[in-house]
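The values are calculated or read from the model by the stated rules, or taken from the named source; none is laboratory data. Since the model is a prediction, treat every value here as computed from it, not as a measurement. Positions of Cβ are backbone-derived with ideal geometry, glycine not excepted, and every protein chain shown enters the neighbour counts. Ligands, DNA and RNA are excluded from the accessible area calculation, which covers all protein heavy atoms including side chains. Shrake-Rupley method; radii C 1.70, N 1.55, O 1.52, S 1.80 Å.
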Amino acid sequence: MTAVRSPIHGQWSSRLAFILAATGSAVGLGNIWKFPYTAGENGGGAFVLVYLLCVALIGIPVMISEVLLGRRGRRSPINTMRELAGEERAPGPWFLLGWLGVVAGVLILSFYSVIAGWALGYLVRAASGAFTGIDAEGSAAMFAGLIGDPERLLAWHTVFMVLTVVIVARGVKSGLERAVTIMMPALLLIMVGLFVYAMGTPGFSEGVNYLFAFDMSAIVNRPETVLDAMGQAFFTLSLGMGAIMIYGSYLPKQASIPQTVVVIALADTLVALLAGMVIFPIVFSNGLAPGSGPGLVFETLPLAFGQMDFGVAIASAFFLLLALAALTSAISIIEPLVAWLVENRGMSRVLAAATAGIVIWLLGIGSLLSFNILAEYTVFFGRTFFDALDFLTSNIMLPLGGLLIALFAAWMMSRSSTEEELAVTERTRGAYNVWRFLVRYVTPVGVGLVLLYGLIQ
Ligand code: TRP
């Protein structure tokens, strides 16, 4: 049966617009903030290798599935799952997968916005020349000063959420699409510039070696590395919660999904690896510890900016772009909930965006307090509220959502439906069979084992 639904919230003007938007979603704090510090906490190379394997063998097939479901359903993930389950005669409760994603999105954006606020705070410091001549201690003190000040964190978190709501309220074309077209290329440019700088630092080869030297004993000593790496793959590709699904629902019918997905995944991986190859050389050149946690990027980069020519301008551009990269991700995290409020609660986009924004903003206060007033208060196996949310979403909810998406596309949908949506031809049948094998067996078994193991831990 051919799906004849048309998109109800708007449509990207071209395949390129979708690539930019989805890359804008994928590239964000996950690449530049989370990837380096999680790699550092897990000892480097072993984590990176597992992460790359997860991107290739699980991330890309799941992303193809998620875009496919979105474009076929053409609605918010909750209603898309309801429609598709009906059409494919799958059990009704599949719509709960949409809800799992909406809840995950609310949780993720609540802490994501706090970290994006750090980037905004650092933008102001960069522009005022505060990094000039700074040393490792000064940089650590500056970071501690920011996260120790709940009022300032609240102010920046508020600014970031307001920006997110304003863009989302303007809708698919004039809001989402316009925002990403300029920002993504600029971010890539500045990362390449920083990479050239890092090549000239004394710790360059040590930093690169740290990232790429595979050390099996690191995994044996710290088996959570595998769960962290899989969680990172889902988080950085924006998978498992419906963000990519809803972006797929705005994709024009004629665009090829698999090629598009590969471009997005490659761009995202490139930015993460670049970030790692910028940050670890600076870490080793300054005798810092790679495993120092979520402050890593904020404590290391000012050291580099403080020494280089035009450091004030380059640092300002960097933190501006980091905040903007976070913004293009944030709009995708909130979009499934906004679309559902419009579809099922009859709200205008503006009201829906504001409602979602307020809920997320409130929850974010818990995260920003876990860096100061509530720093000693642990809610979940020795984790602060922030750490607990991060762990629960990246390492549990997103892989679970991705697993269910793969199961639906592979086992609930008929072969003819997926072949039709992926526009399989004689020439591409081989690639289709590889995808189908991966989502039928490799993803469920791989994700399932890692999740089970992580839960037993
Ligand atoms: N991928 C983004 C990043 O790396 C964050 C993000 C956007 C995300 N949309 C998402 C994470 C959906 C999980 C799910 O910064």
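For the chain, the per residue solvent-accessible surface stands at 37 Å², with DNA, RNA and ligands left out and a 1.4 Å probe.
Sorting the segments 418-429, 313-324, 9-20, 39-50 by their mean number of nearby beta carbons within 10 angstrom, highest to lowest, gives 39-50, 313-324, 9-20, 418-429. Distance from the Cα centroid of the range 417-457 to that of the range 271-315 is 37 Å (rounded to whole angstrom). Quarter the surface of the alpha carbon convex hull of the range 67-198 and you get the mean projected area, 11.5 square nanometres. Other residues within the sphere of radius under 14 Å centred on the Cβ of Val342, judged by their own Cβ, net out at +3 (K and R +1, D and E -1). Report in % the part of the accessible area of the chain that belongs to carbon and sulfur, leaving out ligands and nucleic acids; probe 1.4 Å. Here carbon and sulfur together make up 68 percent of the probe-accessible area.
Counting Lys and Arg as +1 and Asp and Glu as -1 over every other residue whose Cβ lies under 15 Å from the Cβ of Phe280, the net charge comes to -3.
Report, in degrees rounded to the nearest 10, the 0 to 90 angle that the Cα long axis of helix 136-147 makes with the longest principal axis of the chain. So the helix axis and the longest Cα principal axis differ by about 50 degrees. What angle do you read, to the nearest 10 degrees and between 0 and 90, between the alpha-carbon axis of helix 349-369 and the longest principal axis of the chain? Compared with the principal axis, the helix lies near 40 degrees.
When the alpha carbon gyration tensor of the chain is reduced to an equivalent ellipsoid, the three semi-axes, largest first, read 35, 24, 21 Å. Sorting the segments 209-216, 237-244, 163-170 by their residues' average number of neighbouring beta-carbon atoms within 10 angstrom, most packed first, yields 237-244, 163-170, 209-216.
Under the combined filter of DSSP loop state and at most 10 neighbouring Cβ atoms within 10 Å, the range 218-292 retains none of its chymotrypsin sites (Phe, Trp or Tyr not before Pro). The residues packed around Phe386, meaning those with a beta-carbon under 15 Å from its beta-carbon, carry a net charge of -2 if Lys and Arg are +1 and Asp and Glu are -1. Expressed as an acute angle from 0 to 90° and rounded to the nearest 10, what is the orientation of the C-alpha long axis of helix 398-407 relative to the principal long axis of the chain? Relative to the chain, helix 398-407 is tipped by roughly 20 degrees. Sorting the segments 259-268, 89-98 by their mean number of nearby beta carbons within 10 angstrom, highest to lowest, gives 259-268, 89-98.
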